[in-house]
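Inspection log for the structure reproduced underneath, given as structure tokens.
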Amino acid sequence: MTERGTFQHYHVFDAWRFGAAMTVMLYHFLHYDPTAATWMPQAAEKLQQVIDLFFILSGFVIMSSYGTSVRSLATFRSFIVRRLSRIYPLHLLTLGFFVAIGVAGALGIVHLENPARFDLATVPLHLLMIHAWGLMPDLTFNYVSWSLSAEWMAYLAFPAIALAYRRGGLPALFATCVAPACWSRGWCWPASSRRSGGSTRPPSAPSGHCPPSSSAAARR
């Protein structure tokens, strides 16, 4: 959004994001293929770049739309309300669906093949959309909502990102976004701290679901 409140629209980016989103959706549906175990690891490695593409394009769009307008608490509040109105209702609806399944399983009404997926103790983290912030060892309920959790983190960090860009340009923006991303992946930690299962391993999203850097995780 520019200073006058008008949005810039990028039709080419919309097409790319749509294609990337559909590919990711297909990938998640293929998890239910009985033969997926034989080829899914290779597919996951290739499709990781598609997820990154989606978030990078979305990050560019949201920065170009809001980068100069989020300057005060009032404008940040407006930004948050706009963002939440896009993602939270559907998140709440899908979470409610999976929680209902979990409750039905706990009451013995239905059989759950993976009861750990429906851990009711993690519901508060989902309601706050912080469930992919490295606060629990595995994803629960609606797995794909990790991306919404990553977006929420990006939205909260957006004022600092926008300020860094306005004050220091691209170098400051790069430093602000890349440093946390490297830290979350463990690249800035000693090798001894990155060992799987190590007690000093840096917090990250559950395995295979590490969110991108905060600037790229904001979707239009």
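The values are calculated or read from the model by the stated rules, or taken from the named source; none is laboratory data. All figures in this text were calculated on a predicted structure; none of them were measured in a lab. We place every Cβ from the backbone using ideal geometry, glycine too, and count neighbours over all the protein chains shown.
Scan the range 57-74 for residues that are closer than 12 Å to Arg17 by Cβ and buried (at least 18 other Cβ atoms within 10 Å of the Cβ) and jot them down.
Leu57, Ser58, Gly59, Val61, Ile62 - these are the residues of the range 57-74 that are closer than 12 Å to Arg17 by Cβ and buried (at least 18 other Cβ atoms within 10 Å of the Cβ).
Would a scan of the range 79-86 turn up a residue that is touching a residue at least 24 places away in the same chain (Cβ under 8 Å), part of a helix (DSSP H, G or I) and more than 16 Å from the chain's Cα centre (by Cα)?
Taking every residue of the range 79-86 in turn, at least one turns out to be touching a residue at least 24 places away in the same chain (Cβ under 8 Å), part of a helix (DSSP H, G or I) and more than 16 Å from the chain's Cα centre (by Cα).
Could you please find all residues in the range 145-169 being of a type in the set (Lys, Arg) and touching a residue at least 24 places away in the same chain (Cβ under 8 Å)?
Arg166 - this is the single residue of the range 145-169 that is of a type in the set (Lys, Arg) and touching a residue at least 24 places away in the same chain (Cβ under 8 Å).
Go through (1) out of contact with any helix residue (DSSP H, G or I) (no Cβ under 8 Å at 6 or more places or on another chain); (2) charged (D, E, K, R); (3) under 27 Å from Thr23 (Cβ atoms) for Arg77 and report which single condition fails.
Evaluating Arg77 over (1) out of contact with any helix residue (DSSP H, G or I) (no Cβ under 8 Å at 6 or more places or on another chain); (2) charged (D, E, K, R); (3) under 27 Å from Thr23 (Cβ atoms) leaves (3) as the failure.
Which condition number in (1) touching a helix residue (DSSP H, G or I) at 6+ places or on another chain (Cβ under 6 Å); (2) under 30 Å from Arg166 (Cβ atoms); (3) part of a helix (DSSP H, G or I) is the one that Val70 fails?
Every listed condition holds for Val70 apart from (3).
From Ala104, Ala116, Ala132, Ala100, grab the single residue that is at pLDDT below 90 and either β-branched (Val, Ile, Thr) or surrounded by fewer than 18 Cβ atoms within 10 Å (Cβ to Cβ) (or both).
Within the list Ala104, Ala116, Ala132, Ala100, the selection yields Ala116.
Report, ordered by the first and then the second residue, all pairs with beta carbons closer than 7 Å, sequence separation of six or more or different chains, a first member in the range 106-133 that is in contact (Cβ under 8 Å) with a residue 60 or more places away in the chain, and a second member that is surrounded by 10 or more Cβ atoms within 10 Å (Cβ to Cβ) and assigned to a loop (DSSP other than H, G, I, E, B).
Ala132/Ala205; Ala132/His209; Ala132/Pro211
Select, from Phe29, Phe60, Phe55, the only residue that is more than 23 Å from Ile161 (Cβ to Cβ), among the aromatic types (Phe, Trp, Tyr) and modelled with pLDDT of 65 or more.
Testing whether each residue is more than 23 Å from Ile161 (Cβ to Cβ), among the aromatic types (Phe, Trp, Tyr) and modelled with pLDDT of 65 or more leaves just Phe29.
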